[in-house]
Structures are given as C-alpha cells and as structure tokens.
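What follows is a single structure, written as structure tokens, with notes after it.
Only the coordinates and a few stated rules stand behind these numbers; no lab work does. Not measured: the values here are computed from a predicted model. Cβ placement follows ideal geometry from the backbone for every residue including glycine, while neighbour counts extend to all protein chains displayed.
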Amino acid sequence: MVQFGGEVVNSRSMGYHTSTQMGSGHFADEGFGKASYFRNLQVVDWDNNLIPLSNLHLLADHPNCYDIRAGKNNVWGNYFYYGGPGRNSRCP
C-alpha cells in the first residue's frame with residue numbers, strides 16, 4: 001500500500017475556515033494550468049521494476065474547501081489533480 005496525503009491546519013480561531021490554500025489554490029476540476037497535480041504515478045517493486053499504480057482511492061474530507069480528482073491516459077499514466085483555496089463562498 002502507498003499513501004499520499006496533504007493537510008491544512010484549521011483551528012477556526014476566527015469562527016470560519018482558514019483561507020490557507022492547498023497546492024496552487026485552485027480546485028482539481030480546474031485541471032491543467034490551474035490545479036496542482038501528480039502524474040505518472042509508479043512504485044518500485046522488490047526487483048527494482050517500475051509498476052504503474054492502480055486502484056487509486058481518493059478522499060477529500062472537506063471537498064468544498066479542497067478536492068481531488070484522478071484519471072488515467074496514455075501520456076500521463078495514472079494521475080491526480082488536487083487543491084483548493086480554503087475559505088470561499090462554498091466553504092465558510
């Protein structure tokens with residue numbers, strides 16, 4: 001099992017969600033040129049072979065603040081876009 005993670009500390013000290021951005025500060029749906037991404041996701045096996053990741057499982061605890069979207073194609077292999085602005089009209 002391989003895990004990737006990101007965290008933004010949100011103490012709500014002012015009574016609302018933090019405006020701290022994740023990644024580029026753009027939501028995953030904004031895609032290439034806006035959202036942050038990882039591509040060509042691979043792991044190295046015991047024989048030092050590169051193996052493309054499969055069966056990606058995604059989780060966003062606060063998708064109105066930060067989100068993630070995965071995909072696969074012939075150029076990028078397995079990839080995911082992620083990020084968000086933090087506090088916004090959908091994430092008070």
What nm value, rounded to one decimal, do you get for the distance between Gln3 and Ser89 when each label is placed 7 Å out toward the C-beta?
3.6
So what is the relative contact order for the chain, in percent, with contacts set as C-alpha pairs under 8 Å and at least six apart?
36
Asn10 to Asn49: extension gain in nm, 0.36 nm per residue of separation minus the Cα-Cα distance?
10.1 nm
